[in-house]
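This report refers to the structure that appears directly beneath it.
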Amino acid sequence: MAERVGVYICHCGSNIAGKVDVENVSQWAGEELDNVVVSRDYEFMCSSLGQELIEEDIKNEGLTRVVVGACSPHLHEKTFRKACSNAGLNPYLCQMASLREQVSWVTEDETLATAKSKAMISGAVKRVLLHEELEPTEVPVNPHSLVVGGGIAGIQTALELANSGNPVFLVEREPSIGGHMAQFDKTFPTLDCSACILTPNMSDVSSHPNITLLAYSEVEDVSGFIGNFHVRIRKKARYVIEEDCTGCGICIEKCPKKVLDNVFEAGIGYRKSIYRPFPQAVPKYPVIDTESCIYFDRGTCKACEKFCPTNAIDFEQKDTYIDIDVGNIILATGYDTFDSRKIPQYGYGRLANVFTSLEFERLCNASGPTDGKILLRDGVTTPKSVAIIHCVGSRDTRFNAHCSAVCCMSALKFGHLVIEKTGAEVHSFYTDMRPTFKDYEEFYHRLLEEGMHFTRGRVAEVTDAARQPGEEGKLIIQVEDTLIGRQRRIPVDMVILMTALEPKPDAREVGLKFGISCSMAGWFTERHPKLDPVATMTDGIFIAGACQGPKDIPASVSQGAAAAARVLGMIMKGAVEIEPVVATIHEERCSGCRICNTLCPFNAIDYVEDKMVSVINQALCKGCGTCVAACPAQAISGAHYSNDQIFAEIEGLLFDVVQGNGSKPVVEEPEAVPA
Amino acid sequence: MSEKGVLALYWAASCGGCEIAVLGINEKILDVAAAFDIVFWPCVLDGKVRDIEKMDDKSIDLCFFNGAIRTSEQEYMARLMRQKSKVLVAFGSCAQEGCIPGLANATTKEAIFQTSYHDTPSTVNPDGIRPQTETEVAEGTLYLPFFYETVKTLGQTVDVDYYLPGCPPEPERIWDAIVAILENKLPAPGSVIGAETTVCDECPRTRDEKKIKEFKRTWEIIPDSDICLLEQGLVCCGIATRAGCGALCPTVGSPCIGCYGPNEGVDDFGARMMTALASVIDSDDPEEIDRIIHEGIPDPIGTFYRFSLAHSELRRIALPANGGSDAKLETAESA
């Protein structure tokens, strides 16, 4: 039976019709193209009237295939597929030609645009004739979820899911949850005590019956697909038996070894070799740092073991592995800060009184190494003047092109704290002031009134080389004040560098492990930057917080809650539909060469040792076609993108070039002469 | 076949290896002789084209035709054998894909003539004489076949019923094909008689995930005897090459060069090899990738299209008439 194709050309208002002679294209398709029995043009195909047009024609004209020449399939492929299935036609028997994005918007000449539209429609008709009926499959969703990262975004996600009655595993790499927020002193613009608002949520996590907290642990391996992930987690040895430890802290008190704390105290404070990152740490159990521990170094000491009242120290403890099954995974792995040593002219690491923003947070924090006193590196002197340099590693194409989003507000917060605690003069050197959200601009005005000085300009240099009287013993800021167009030298006692927020250094590997991609900079890529910011291209994997891009606490919390809502939607529905546009390995043709094994961006390909062939997990496959192209034996086929379909489309596109079925001979040869 | 069947074997642009391969079935050739009357086999038996011309159409049951189509004589013979044969088998790589003769499509007829009749050190041709299709001598006119610009496969010249791959086909596979023909257990017309998977399937080496930092030439390393040669950096075409040889070369440490042609359903062997290798080069740095490819694969056509240039999507290098810039196209008259 000959296929009956309906062709529909959308005007898209004047978007397409303004450049393409849509009536002409539609009439031409109806007269010239084989198998086309209906060809229409309509002002807005995506409107309900436009869709009804298709539905009526399928019923009345017996259409077996549909071609819609309109916008990009990204926008309305679902719409027209749905129209087809409403009328009882398999939705995959519909093909779109992008006459807007690929023709009218990008073609100057109207004649050429009309000709190109004809070619696109011809290609789509040739292709749709070879389409096959495809059916989506349904898989159940495991109600357990995994949250990776125990900062404020991850905590929020875990609590939202757990409070809804669903079990959650929360994995944190560090010994305690809390993330960067636990390091901060105050939050902007309300100046709430950061720890005071965070720790209640932390203890909720630790006591929640639906949350299994796996701190000091890392995800080793992820397999499976949406609704049915299998995850292996490595629980790193703490050398403390959690069941026996009461968290009394005697071991920490008795430990004779003090080391610089480069993580929680940002390198300006100390901790013991057996330690808790901070007093309110969750979980409360300490951990032994084997690199600095005297026993692990020399085999003697064991002070912690001797004094532990419950015999909870175990030097023989080994890493353990936990296998869990979850339906959805939320990554909230956070950010890192820029290494200020990469800008040597700012003197960090060379000039003692140049601090990073994270160091300053610890300096201000009442539980920090100076008990909240703002002091110079000598630990006794209070600064009389402080410079705050913005955009250190941000908005700088040598390092990070992006704006780190939080630093303007942090800088204002620092200015306020310095003025409040020391009365010192505070100078801000900014690129642009960006206090963008609720009550932020007001906070900026508050600082203007408090007397903080603002100089617009990127600092050239921080130096201790005095040139003028009054500069001796000071750090001098050399800067062009771009508002007055003059070079200035401003001597200060202390400099704070507002370091950029950067992706975690292992973000790409983590992304690969979970089958999601990163931007060029290394932030996890969301499914849609506007309309789907917490989902990823891998179904069942969500992202929340600063791992997706720099953001402040309220934005991170919102994303955590949003991701939880998305996961809950999936859990409540109980099952998900899997797109049938997937690749299949034909076992009889697969020689098990394993070329495809590392290529799949979604980890959908496994090698079956005993059969010596590779297989594709169709629930994981996104139909991207990478493996189809790479398979040297052509043992992999991609549904909806078969060679025949693609060649037919090309042949259709070249309708005015190609004669007959084959291509023209390369060069005409003379007739054969008898031997 | 109630009576004995009728068999013909012919060779066009080929090396003669296919003929030897037929004899490689050893004493089974007697079984072939028992089953068939061999009416035409220029390599082995005396025979005349005019005798074939006189036969009724379709009076030959089976014709094994090896060799590519390079000259007008070969094309004439291809058409003749097609006309006279019920089943025409493109026998071996030259007939199927063009093979080594097809590599001539990487140059031009003029360049070939220039080299053969003028430039080679052993050529003495002070008058610059070139062969002509017609030459008048005292006794009359002498004819030579016309030498085509482009080498074609048998399938590009006439309809072919079956393809038997290999350079040359392995004797066991030839025997399998003969048995299949005798027992009438043939696949659909137009198919390749052979395996549906690739050489890796028969290769005893252990295989792992592939990540290639550097391609090596065979003289650069002594390969480990157990590990996949491709993983050791040797460009082994076994991943893309139809099984059937028993993985003879990789088994003894020499990378597969692709003589058994592409796997079932593949049109362009070289394109398959290139997309496969491109996808496992272990680098994200465009400059490093360029270096890996240029240093490791100095001869891409010879590496990826050694056997299949004439059959590939591109078939040959571009000629000036078709947009090429370097090549000079000569006319039929100047030949």
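Just so it is clear, none of the values below were taken in a lab; they were calculated from the coordinates. As the structure is a prediction and not an experimental result, all values here were calculated from the model. Backbone-built Cβ (ideal geometry, glycine too); neighbour counts: all protein chains shown.
The table below lists the values:
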{"quantity": "Rounded D (µm²/s) - the stretch A:337-502, Kirkwood Rh over Cα pairs, Stokes-Einstein at 10 °C, 1.306 mPa s", "calculated": "100 µm²/s"}
{"quantity": "A:T382/A:D314 FRET efficiency (R0 45 Å; Cβ-Cβ; nearest 0.05)", "calculated": "0.50"}
{"quantity": "Additional length obtainable on full extension of the chain from A:L75 to A:S517, 0.36 nm per residue less Cα span", "calculated": "156.9 nm"}
{"quantity": "Percentage of interatomic Cα-Cα distances in chain B larger than 38 Å", "calculated": "24 percent"}
{"quantity": "Cα-Cα separations in the stretch B:152-289 greater than 26 Å, expressed as whole percent", "calculated": "31 percent"}
{"quantity": "Gyration tensor over alpha-carbon atoms, the stretch A:583-639, equivalent ellipsoid semi-axes in Å", "calculated": "15, 12, 10"}
{"quantity": "Inter-label distance for A:Q27 and A:I650, nm, one decimal - labels placed 7 Å from Cα along Cα-to-Cβ", "calculated": "3.4 nm"}
{"quantity": "Cα shape, the stretch B:45-142, gyration tensor, a/c 1.5 rule", "calculated": "oblate"}
{"quantity": "24 Å Cα-Cα threshold exceeded, pairs from A:K413/A:K530; A:K235/A:K284; A:K235/A:K272", "calculated": "A:K413/A:K530"}
{"quantity": "FRET efficiency, 1/(1 + (r/R0)^6) with R0 25 Å, evaluated for B:D299 and B:T123 via beta carbons", "calculated": "0.50"}
{"quantity": "D (Stokes-Einstein, µm²/s), Kirkwood Cα radius, the protein assembly as shown, 0.890 mPa s at 25 °C", "calculated": "70 µm²/s"}
{"quantity": "The stretch A:191-326 - Rg (one decimal) and Dmax (whole number), Cα, Å", "calculated": "16.9, 50"}
{"quantity": "Kirkwood-based shape ratio for the stretch A:5-134, expressed as Rg/Rh from alpha carbons", "calculated": "0.93"}
{"quantity": "Span-rule helices in chain A, defined as complete DSSP H runs reaching 24 Å or more along the axis (Cα) with Kyte mean at least -1.0", "calculated": "A:110-128, A:553-573"}
{"quantity": "Using a Förster distance of 60 Å, the FRET efficiency for B:R79-A:A575 (Cβ separation, nearest 0.05)", "calculated": "0.45"}
{"quantity": "3J(HN,Hα) from dihedral phi, the stretch A:226-237, Karplus parametrisation 6.51/-1.76/1.60, rounded to Hz, x for glycine, proline", "calculated": "3, x, 8, 8, 10, 10, 9, 10, 9, 9, 6, 5"}
{"quantity": "Where the Cα pairs of the stretch B:249-310 fall when distances are cut into 10 Å bins, in %", "calculated": "19, 46, 30, 4"}
{"quantity": "Distance between modelled label sites at A:E441 and A:V608, nm, 7 Å Cα→Cβ extension", "calculated": "6.3 nm"}
{"quantity": "Partners for A:K118 among lysines (Cα-Cα distance below 27 Å; same-chain residues under 8 apart left out)", "calculated": "A:K19, A:K59, A:K78, A:K82, A:K126, A:K664"}
{"quantity": "Measure of compaction for the stretch A:238-318 (Cα Rg per 2.2 N^0.38 Å)", "calculated": "1.02"}
{"quantity": "Sequence-separation-based contact order of the stretch A:238-318, relative, with Cα cut under 8 Å and 6+ spacing, percent", "calculated": "41 percent"}
{"quantity": "Rounded to 5, the percent of DSSP beta bridges in the protein assembly as shown classed as antiparallel", "calculated": "45 percent"}
